[in-house]
Each structure stands twice: as C-alpha cells, then as structure tokens.
Number of protein chains: 2
Amino acid sequence: MTTVLPPALLTARESVDPALHSAVAQLDPDTRRVCEYHFGWRSVDGAPEGGGGKALRPAMVLLSAQCVRPPGAADQAVAAAAAVELVHNFSLLHDDVMDGDTSRRHRPTAWTVFGRPAALLAGDALLALATEVLLDSSSPHASAAARSLSATTRVLIAGQAADLDFEHRHDVTLDECLRMAHDKTAALLACATSIGALNAGAPQEVVFGLHTFGTELGMAFQLVDDLLGLWGDPEITGKPVLSDLRARKKTVPVVHALNSGTAAGERLRELYAQPEPLTEQQLHEAAEMVQRAGSANWTHRECQRRLAAAGEHLPSGPRDATEALTELAAFVVRRKL
Amino acid sequence: MTTVLPPALLTARESVDPALHSAVAQLDPDTRRVCEYHFGWRSVDGAPEGGGGKALRPAMVLLSAQCVRPPGAADQAVAAAAAVELVHNFSLLHDDVMDGDTSRRHRPTAWTVFGRPAALLAGDALLALATEVLLDSSSPHASAAARSLSATTRVLIAGQAADLDFEHRHDVTLDECLRMAHDKTAALLACATSIGALNAGAPQEVVFGLHTFGTELGMAFQLVDDLLGLWGDPEITGKPVLSDLRARKKTVPVVHALNSGTAAGERLRELYAQPEPLTEQQLHEAAEMVQRAGSANWTHRECQRRLAAAGEHLPSGPRDATEALTELAAFVVRRKL
C-alpha cells in the first residue's frame, strides 16, 4: 500500500529538524551520540542516516500556531514544535529501557546499543533541552508554554507508571485502562495541538478547544495503536504480530474483553493468567477471543467516535490551518504512523 | 564530634519543605510514594519519617536571593530553592540506578526498594516538577531562572556521562577529572548560589559573581567528598570506608596520583588494572599510595585554594546574606554534609 503523506508532515520535518539538531549539538559528545542514533540521524558507527519518525507532533504544533490570527512568529512555533518532539523522544528512550523493548522504528533501541545508563542520560538530556529550547525562543508566552509542557510530562509519567503497574495486576478496569491511554498518549497529543497557539498568544478558548481536539484525537490514535498491536502489519508497525499479547499487555481492546463478562473474555483471562509463555497457537486464540468478545469492534467504534468528537471541538480559525489539522487527524487514525 | 548546623540550613529546610511537599503531591500515587521515600519523608510502608538531607542547595538559593537589594519576594526565592532541590534529587535517583548504589543517607536507595523503572520515573517526575515549580512562581525573571536551571541540568548529565565513561578508561587526565567534578557537582552549586539572585532580578554582575562563588565552592565541596570517600568516617558519609577505591572510582585524588609520575602512582595503576576484586589489604595499600604520591595533600591544598577563591568572588551585598554564605561555605567544606 502506498500512502501519500499529508504535506504538513513533510513541512514539519523540514522546519523542526534544524532546531532539533542544534539543540542536540549542545550536549556532551557521549550523550549527543546516543541522541543522534535514537533520532535516526546517525548509525551506531556515527555514519549519517536519513532517519527520523514522521514528525506528527511537530506538525500538530505548527498547525496549532497557524490557528492564531495574526499568526505568531515562525521561529517561536518551531521552538515549541521542537520542544514537544524532545519530550516525546525523552519518553521513548526511557520507556524502552523500562519496558525492555529491543526494537523501535525497525532499528535496535538505543539502550541495546549504548547500554541502559547512556540511554537514560540521553532521555534526561532531551527533557532538559525541551525546556531550554522553548524558553530560548522569543515568545512572550514561552513561560506559559513551558509550564504546559512540564505539566504534560508529569501526566506522561503517570501513564507510564500505570502501564508498569498494570503488568502485575489482573483486575484492571476499562476506566483505568482508558485513563492510562489518555496519560501515555493523548496528553502529549493535546499539548502538541494547543501549545503552538498558546505560545503565539491565542485566546484561552482557542487553546482550550485545540487541547480538547488533541485529547480526543490522541485517544483515537492510541486505540488504533492497540488494534495494530493485535492485528497490525509488522512492516508498518515495526513490531512482530501479536507482540502485545505475547507481552500480555493490558491494552484497551484486551481490557475491554477481560471485563466483557463473555465466555471469550473468561478464556482470555485464563490465557493471561497462565504462568508459562503463551504458545503461537495460544496467541492466535487470545486474539480470536478479543474479537469474539466484541472488543475489536467496540475499540474500532470508540476510535471513530473519538475522531468525530475531535472534529467537533476544533475551534474556528484560518481555513487552511483547520483543514490541515482535520486532514492530519484523519490520516493518523487511518494509518497510524 | 558534635557540629552545630549553621542557622541558614535550618531555615532553608523549614521554608522549602512545604513547597517540595506540595510539588510532589501533584504526582500520581505510585510515583509520589517513591519520591516521598526518597526524600526521607516516609518509610517503605508509607509511615511518616523525619527525613531529608541538609538542604544545602536550598539554603544557598535563599541566601542568594537575599543578596539582592531590595530583596525579592520570599515565595519566589522559595520556588527557586525548591526547583534546585528537585533537580538535585532527580540526579540522585537516576545516578543511584546507573551506578547500582544500594545505600544513600543510611537507607536503601529507592530503586532497591521500588525497582528500577519506578525510581527512574520518580527522577523524571522531579525534573519536570522543577520547571513547573519555578515557572508557577510569580517572578518576572522565572523564565531566565528556569533556563539557567535547564542548562545546568545538561551540564550535570555531561558530568554523569563522563563519570560512566571513566569507569572503562585507564588514561583519564587530571583536567578531565576536574572537569567531571565541575559538571557533576560544582555546576549545580553555582546554579544554587546564583539562581535566587537571578530570579529576584539582580544585576548581571552580581549573578555572575555569585555563580563563580558557587563554582569554586562546588569544586572545594567535591574535593572534600573525594577525600572522605577515601578516608571518611562511615558514620558521617553513610558509605563504607574505602568504598570509592573498592569501586575503582576515578576521583580527583586517585587520578592525581595515577598521573603523578611517582612509584606510588604506578603501584596504584597496577592495583586499578588488576582484573580481580581488590582485597582489604590491597584497598589499604591503594589508599596509602594516594597519600605517598602526595595526592591527598595536593587535593587538600586545592580544596583550600578553591574555598579562598570562592570568597574573593563573592559580590558585595547585604552583610547578613554574604556573611551567611561565607559561613555556609566554610561549614560545608569543613564537614561535608
């Protein structure tokens, strides 16, 4: 399947990469090397690589800034976009260490290459740089933007703490699971879709509308991610099929099934409680149980509902900006990046 | 030996603890529990404890704010003091994980109690809170203060990266080692002794003078720490005697001895290169070699020189503030906290 990327993503990559590069260039050589590898800019040996993710969050920040009229200064929007991307990558670096994940974006994770301490320091450094980059910009609203980003980081941490906690629990409710999805994913998306406007001095109701748009979009985004974790194409996700089940992750469709009161849900609970690793056949059975419990359908519908809710909260603004945000929202849910 | 604590330390503990408590109260329950344990406020079971370190950095921040005339608002100084203490504790939590240290302030380290992921998240949370606390204060200079603190965090990370790097190297120079001591310790002390003034709108030359005062004091502080790591009283340091040698740390006196060109330095190099763990007798021999190479004396003299240099850079200001800073400086070098 060939997918045409929305132009906002390409623009964002081009605008934000120089800011990210110059932020990372301020680090000590050891920490810099880890960050450059993690971002996909360099190979393990330090050779240049094309690298990088799809710049979804930076694109959201730039479009968010364009929702303000008159639009704020471009360099201020870029600083906010870089700051959000730095926080996102801080959380990826640290989560990979905590979760023991060995592969990201089809490459070995940083900690498997440079060791855990170096990957942790690289994450720490990106978090510190995020504040610096934002406050170094000339926006008179940078302080409010930095406060929003720090508060969001706290929510991200709560989400990861809940995720770790869920590993040891068999009684996770759907509400707890949706809260975790909000904290781990939707909170930073909401920050991305509103911080550009905040940093450009938008009225409070515009910032608020954009924040709610991002929250709903973020939930839809996470629900698609959960479905892909069960039935996704490894070529697209970079993860082996059924990997979430293999790790017995308490994702939304799984937790929905476990709490469905159906026979399929009970069978899934038995499989998740089994002390031995699940066999290939059992993994396929577990996925089948999520289907039969009606949880794949429910998750899919909930995802569509959230996407529609996002659209309803999008504040009015310059048409090209709001249309691009809507297009991007539909795109990321259709084909998760 | 009974030591009377300078009053500035007691005042700082009392002023800053409420701000630290309300910052930590914003965290999710799991992360909050780890932080409350780490700060010594609660036992593993959550029972209240008297806890806490000696509030050296907060005291420096508060005195730094008092160097400004007219003095800035007290709540702004307290916010800056809390922010510095949060960054300090972020680095302690993460360093303990990376270094595998099992004991701090006579208690098991947080990661040994709650696991590595929880301790990492707690450190992440404290770093995010530091920015939030500072920017939530009403100071018109909070943004500059937050920028200074983030830049300092980057230097701390460089110091820890160097420290980790030194573990695998046999050719560390004295300059590299002093730079590491600057980055790991002196940089945050310099931030502590200047950020209060910065946040209160002090003229640049006052902030600069206080920063240099803190840098020199921080170096003296680290050199005393290195000497205590070799010959210190475990009752005071909370670490077993000769622990730095046992871990073959490349501290300043050790690296000075290794590069001294003396027979004692060569013998120390042999011991450090030995594949087997050092025996008790060899540990005592290694300490003896540091002495014989003249490196204990050199470190001691360097420490006194740095302390004197600190005093020379202290800007003029309200007498009670500068006298208290001088007293505190002498105290921490005399008996490291």
Once both axes come from the Cα atoms, what is the angle between helix B:56-66 and the longest principal axis of chain B, in degrees from 0 to 90, rounded to 10?
40 degrees
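For region B:217-317, what's the relative contact order in percent, using C-alpha pairs closer than 8 Å and at least 6 residues apart? If you can, show how the numbers build up before the last one.
Values: 98 pairs, mean separation 35.4, N = 101.
That works out to 35 percent.
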Which value, in debye to the nearest 20, describes the size of the charge dipole of region B:84-159 about its Cα centre when Lys and Arg Cβ atoms bear +1, Asp and Glu Cβ atoms bear -1, and nothing else is charged?
80 debye
Here the whole-number average of other chain Cβ atoms within 10 Å per Cβ of A:152-165 is 6
Under 14 Å, Cβ to Cβ, from B:ALA19 - net charge with Lys/Arg +1 and Asp/Glu -1:
-4
Within the protein assembly as shown, how many lysine pairs that are 8 or more places apart, or on different chains, have C-alpha atoms less than 28 Å apart?
28
Once the other residues with Cβ under 14 Å from the Cβ of A:LEU210 are scored (Lys, Arg +1; Asp, Glu -1), what is the net sum?
-1
Note: region A:42-90, point scatterers on Cα, Debye, no solvent; log10 I/I(0) at q = 0.13, 0.15, 0.17, 0.31 Å⁻¹ equals -0.39, -0.49, -0.59, -1.08
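Just to verify a number: FRET efficiency for B:TRP231 and A:GLU280, C-beta to C-beta distance, R0 = 41 Å, to 0.05?
Values: r = 60 Å, r/R0 = 1.47.
The pair B:TRP231/A:GLU280 has a calculated efficiency of 0.10.
Starting from the residue with the highest accessible area, list A:HIS300, A:HIS313 in decreasing order, probe 1.4 Å. Intermediate values should be presented prior to the final figure.
Values: A:HIS300 100, A:HIS313 80 Å².
Order by accessible area, largest first: A:HIS300, A:HIS313.
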B:PHE221 accessible area, nearest 10 Å², 1.4 Å probe?
10 Å²
Which whole-number percent is the relative contact order of region B:7-334 (Cα, under 8 Å, 6+ apart)?
18 percent
Shielding score for A:140-151, defined as the mean number of other chain Cβ atoms within 10 Å:
5
I need the inter-copy label distances for A:ARG179: point set 7 Å along Cα to C-beta, values in nm with one decimal, smallest first.
4.8
If one computes the Cα centroid of region B:188-219 and of region A:77-110, what distance in Å separates the two points?
34 Å
Helix-only estimate, please: 222 nm mean residue ellipticity of the protein assembly as shown, summing -39500 (n - 2.57) across DSSP H runs of length 4 or more and dividing by its residues, to the nearest 500.
-23000 deg cm²/dmol
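Counting only other chains, what is the mean number of Cβ atoms within 10 angstrom of the Cβ of each residue in peptide B:98-105?
Numbers: counts 6, 1, 1, 0, 0, 0, 0, 0.
Counting Cβ atoms of other protein chains within 10 Å of each residue's Cβ and averaging gives 1.
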Local net charge near A:VAL97, Cβ-Cβ under 12 Å (Lys/Arg +1, Asp/Glu -1):
-3
Can you list residues from other chains, or at least 5 along the same chain, whose modelled amide H is less than 5 Å from the amide H of B:SER103?
B:THR109
Dmax and Rg, reported as Rg then Dmax, of chain A (C-alpha, Å)
19.9, 61
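For region B:7-334, with only Lys/Arg (+1) and Asp/Glu (-1) charged at the beta-carbon, what is the dipole magnitude about the Cα centre, in debye rounded to 20?
Working: 29 positive and 41 negative charges, 64 e Å.
So the magnitude is around 300 debye.
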Intensity falloff of the protein assembly as shown expressed as log10 I(q)/I(0), Debye formula with alpha-carbon point scatterers, at q = 0.05, 0.07, 0.09 Å⁻¹:
-0.25, -0.49, -0.80
With viscosity set to 0.692 mPa s at 37 °C, what whole-number translational diffusion coefficient in µm²/s follows for region B:192-235 from Stokes-Einstein and a Kirkwood radius over Cα pairs?
278 µm²/s
At B:ALA247, with labels set 7 Å past Cα in the Cβ direction, how many nm apart are the copies from this one, shortest first?
3.0
Between A:ALA309 and A:LEU10, 0.36 nm times their residue separation minus their Cα-Cα distance comes to what?
105.0 nm
Positive dipole terminus of region B:7-334, leading residue within B:ALA286, B:PRO7, B:PRO70 (C-beta point charges)
B:PRO70
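Assuming 1.567 mPa s and 4 °C, estimate D for region B:101-212 with Stokes-Einstein, Rh taken as the Kirkwood radius over Cα pairs, in µm²/s.
Details: Rh = 16.1 Å.
For the chosen part, D equals 81 µm²/s.
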Using only C-alpha atoms and all pairs of different ones, pull out the Kirkwood radius for region A:23-111 in Å with one decimal.
14.4 Å
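Thinking of region B:177-264 as a set of Cα atoms, what percent of all their pairs are more than 19 Å apart? Display every interim value, and only then the final one.
Numbers: 1937 of 3828 pairs.
Within region B:177-264, distances greater than 19 Å cover 51 percent of Cα pairs.
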Between the residues A:GLY201, A:GLY214, A:LEU178, the Cα farthest towards the positive end of the dipole of region A:165-245, that dipole coming from +1 and -1 charges on the beta-carbon of Lys, Arg, Asp and Glu, is from A:GLY201
Please determine, in degrees from 0 to 90 and to the nearest 10, the orientation of helix A:204-231 with respect to the longest principal axis defined by the Cα atoms of chain A, where the helix direction is its Cα long axis.
40 degrees
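Could you calculate the FRET efficiency of B:ALA47 with A:ARG246 from 1/(1 + (r/R0)^6), where r is the beta carbon distance between them and R0 is 30 Å, rounded to 0.05? It would help to have the intermediate numbers written out before the result.
On the way: r = 40 Å, r/R0 = 1.33.
The calculated FRET efficiency here is 0.15.
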Relative to the first principal axis of the alpha-carbon coordinates of chain B, what is the inclination of helix B:319-334, with its axis defined by its Cα atoms, in degrees from 0 to 90 and to the nearest 10?
30 degrees
Looking at region B:123-225, which trypsin sites (Lys or Arg not before Pro) are DSSP coil and have at most 12 other C-beta atoms within 10 Å of their C-beta?
B:ARG169
Just to confirm the numbers: B:PRO275, label point 7 angstrom along the Cα-Cβ line, distances to the other copies in nm, shortest first?
3.9
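The values are calculated or read from the model by the stated rules, or taken from the named source; none is laboratory data. Note that this is a predicted model, so its numbers are computed, not measured. As a convention, Cβ positions derive from the backbone with ideal geometry for all residues, glycine included, and neighbour counts pool all protein chains shown. Just so you know, the surface numbers come from the protein's heavy atoms only, side chains and all, with ligands and any DNA or RNA stripped out. Shrake-Rupley method; radii C 1.70, N 1.55, O 1.52, S 1.80 Å.
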